[in-house]
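The values are calculated or read from the model by the stated rules, or taken from the named source; none is laboratory data. None of these values were measured; they are calculated from a predicted model. Here the Cβ is made from the backbone with ideal geometry for all residues, glycine too, and neighbour counts use every protein chain on show. Heads up: the accessible areas ignore ligands, DNA and RNA and are worked out on the full protein's heavy atoms, side chains in. Shrake-Rupley method; radii C 1.70, N 1.55, O 1.52, S 1.80 Å.
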Amino acid sequence: MGALHGPGAEIGDLAGRVNRFITDRFAGAPLGRTAAADEMRLALDAAITAKGLGIARAWDVFANGVMANTVGIDSERFLAFIPVSPAPAAAWIDAIVGATSVPAESWIEASGAVAAENQVLTMLASLAGMPTGAGGCFMSGGSIGNLSALAVGRDQRPTQRLVAVADTAHASVHNTLHLLGLQALTVPTGEDGRFTGAALAEVIGGRDDIGIVVASAGSTNAGLIDDLDGLADVAERIGAWFHVDGAYGAATLLLPEFADRLRGIGRADSFIVDPHKWLFAPAGSCAVLYREPALAGAVHTQHGPYIDVFRQNGDEWNPSDYGYQLTRRASGLPLWFALVLHGTDAFAAAVRRGVELARIASTAFDSAGPHVSTVIEPELSVVLFRRLGWDRERWVRWARELLDDGVAFVAPTTWRGEPVGRLVFMHPLTPTTVIDEIVASLA
Ligand SMILES: *Cc1c(COP(=O)(O)O)cnc(C)c1O
């Protein structure tokens, strides 16, 4: 019976194996593969036993059964959905966050980690132009971040159950509305794919039952930033809570050339950005910010005999007061460390490379011949493109072939009902030769 704990924990040479695995990963993450359910059943057969397999066999199941059958979302060639491309500095510190379970729900447990996380939150709020006093917490992801923020918005306007959202809003916004008992008032985006103040005003007309307006600082499907300033104007006029979902795109707050496009984000009552997307943190991190954090505290603070001690002086910052999560990883700490180590310029350069790669891809599609073209000029790091004559089934086959051939992990999407190709560039080291290979795959 192997000891679980202490210096005698029977883990063999696991520490060395893990260290090697992670180091190799940062030298180049494999694209990986997707296995069929039957194959996985065999690979994991009898892995959990009464006596344990011992380190050699346990590691074999883990490395060759589990990880080998998992796609590398951190690969330079993962260009689907929204990739996660952690900076090694952030990932190594995340390993410590995991190993020590930094108890980051409360100030009395984790004053150091919470202060460091808050330094990042203050930086983000300041880049956005939010007033002093803005604050929030890091949570596990954008979905729970949107849910937490919109729950606060709902409670400020208890009788107004309608939420104005664009037809491009992220799926998590719709699920959030369902969970919160709110209804969507869907506003169509125009030709350019953006949710504008003018379109919102037109749909509202004389209605007075809209409690929340949700905008995107980077819609996920096409990577387009809404008319944040115009939407803020309308939200202000009708007295609605203004939420900006910047899970993916708000990383461009680091780029001065995006200041114009992001104007208005600082007028949000709440906004989110996911460090695990374009801020190069490992998966499991979303920053939620509120203009008036006390409003969030009134909604999310958990009370109970064993946690009321969190509030002794009244001035402790308890992250768990600002979102629907009590026990939490210090999921902002890896980003904090990487910012401290590298500085913000390195982050800006890495984000900018994604924007450049999307433009390079768009130009390549537009010059590939009459059968291929970009759907809409990329603004962030997403490129949508057409291939004449291809239906949904052909696009799905295209994606499967690119994975089988080790070229890239891609996924098609739809744009206004039309099946199209989609690439997302996050990893700053994605070679442009991948774009050439993808162009060739469309011949
Ligand atoms: C990814 C995304 C979300 C959801 O975030 P998760 O971290 O995946 O839960 C919400 N909104 C937008 C705009 C996104 O891109």
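In Å², and per residue, what accessible area does the chain have when probed at 1.4 Å with the other protein chains present?
Details: 19710 Å² over 443 residues.
The answer is 45 Å² per residue.
Hey, if you put +1 on the Cβ of every Lys and Arg and -1 on every Asp and Glu Cβ in the chain, which of G136, G239, A113 ends up farthest toward the positive end of that dipole?
Working it through, the farthest residue towards the positive pole turns out to be A113.
Leaving ligands, DNA and RNA out of it, report the carbon-plus-sulfur percent of the accessible area of the chain at a 1.4 Å probe. Present the calculation step by step, with values, prior to reporting the outcome.
Working: 11010 of 19710 Å².
After summing per-atom areas, the C and S share lands at 56 percent.
When ranked by the protection proxy of mean other Cβ atoms within 10 Å per residue, highest first, what sequence do the peptides 133-140, 288-295 form? List each step's numbers first, then the result.
Numbers: 133-140: 24.8, 288-295: 21.8.
Per-residue Cβ counts within 10 Å, averaged per peptide and sorted highest first, yield 133-140, 288-295.
Suppose accessible area is computed on protein heavy atoms with a 1.4 Å probe; arrange T132, T432 from highest to lowest.
Values: T132 145, T432 55 Å².
In descending accessible area the options line up as T132, T432.
What is the spin-label model distance, in nm, from Y324 to D192 if the labels are put 7 Å beyond Cα along the C-beta direction?
Calculated label separation equals 3.5 nm.
Hey, can you rank 337-345, 236-244 by average C-beta count inside 10 Å, highest first?
236-244, 337-345
With N set to the number of residues, divide the alpha-carbon radius of gyration of the range 93-172 by 2.2 N^0.38 Å and report two decimals.
Values: Rg = 15.9 Å, N = 80, 2.2 N^0.38 = 11.6 Å.
Scaled against compact globular proteins, the figure is 1.37.
Grab the alpha carbons of the range 196-308, take their convex hull, and tell me the volume per residue in Å³. All intermediate terms of the calculation are to be shown ahead of the outcome.
On the way: hull volume 15.1 nm³, N = 113.
Considering the Cα atoms of the range 196-308, their hull volume per residue is 134 Å³.
Above 14 angstrom, tally the Cα pairs of the range 10-64 and express them as a % of all pairs, no decimals.
Numbers: 969 of 1485 pairs.
In whole percent, the share of Cα-Cα pairs in the range 10-64 beyond 14 Å is 65.
Kindly rank 411-424, 177-190, 303-316 from highest to lowest mean number of other beta carbons found within 10 Å of each residue.
In decreasing order of mean packing, 411-424, 177-190, 303-316 become 411-424, 177-190, 303-316.
Take the Cβ-Cβ distance between D167 and I360 as r, set R0 to 25 Å, and report the resulting FRET efficiency rounded to the nearest 0.05. Provide the component values of the computation, followed by the final result.
On the way: r = 29 Å, r/R0 = 1.16.
Rounded to the nearest 0.05, the efficiency is 0.30.
Find the centroid of the Cα atoms in the range 389-443 and in the range 258-310, then give the distance between the two in whole Å.
Comparing the Cα centres of the range 389-443 and the range 258-310, I get a distance of 34 Å.
Just want the answer: with Cβ charges of +1 for Lys and Arg and -1 for Asp and Glu, which residue in I376, Q325, A251 is farthest toward the dipole's positive end in the chain?
Q325
Report the calculated FRET efficiency for D155 and V71 (r = Cβ-Cβ distance, R0 = 45 Å), to the nearest 0.05. Let's see the in-between values first.
Details: r = 39 Å, r/R0 = 0.88.
The formula returns an efficiency of 0.70 here.
Where q = 0.20, 0.25 Å⁻¹, what log10 of I(q)/I(0) comes from the Debye formula for the range 395-439, counting one point per Cα?
Rounded to two decimals, the profile gives -0.68, -0.97.
Debye sum, Cα scatterers, the range 68-107, no solvent: what log₁₀ I/I(0) at q = 0.14, 0.28, 0.29, 0.30 1/Å?
After summing over all Cα pairs, the log10 values are -0.48, -0.94, -0.96, -0.97.
Please get the size of the charge dipole for the chain, origin at its Cα centre, with Cβ charges of +1 on Lys and Arg and -1 on Asp and Glu, quoted in debye to the nearest 20.
On the way: 33 positive and 48 negative charges, 108 e Å.
In total the dipole reaches around 520 debye.
Please report, in whole Å, how far the alpha carbons of the chain spread along each principal axis, starting with the longest.
In descending order, the Cα extents are 69, 68, 41 Å.
With a bin width of 10 angstrom, please list the P(r) values of the range 288-387 as percents of all Cα-Cα pairs, from the 0 bin to the one holding the largest distance.
The distribution over the range 288-387 is 12, 24, 19, 20, 15, 7, 2, given as percents.
Could I get the Rg over Rh figure for the range 345-441? Both from C-alpha atoms, Rh via Kirkwood, rounded to two places. Let's see the in-between values first.
Working: Rg = 13.2 Å, Rh = 13.7 Å.
Value, to two decimals: 0.96.
Mind listing the long-range amide H neighbours of T414? Cut-off is under 5 Å, sequence gap 5 or more, other chains count too, H placed in the peptide plane at 1.01 Å from N.
V420
Debye sum, Cα scatterers, the range 101-332, no solvent: what log₁₀ I/I(0) at q = 0.08, 0.13 1/Å?
-0.27, -0.70
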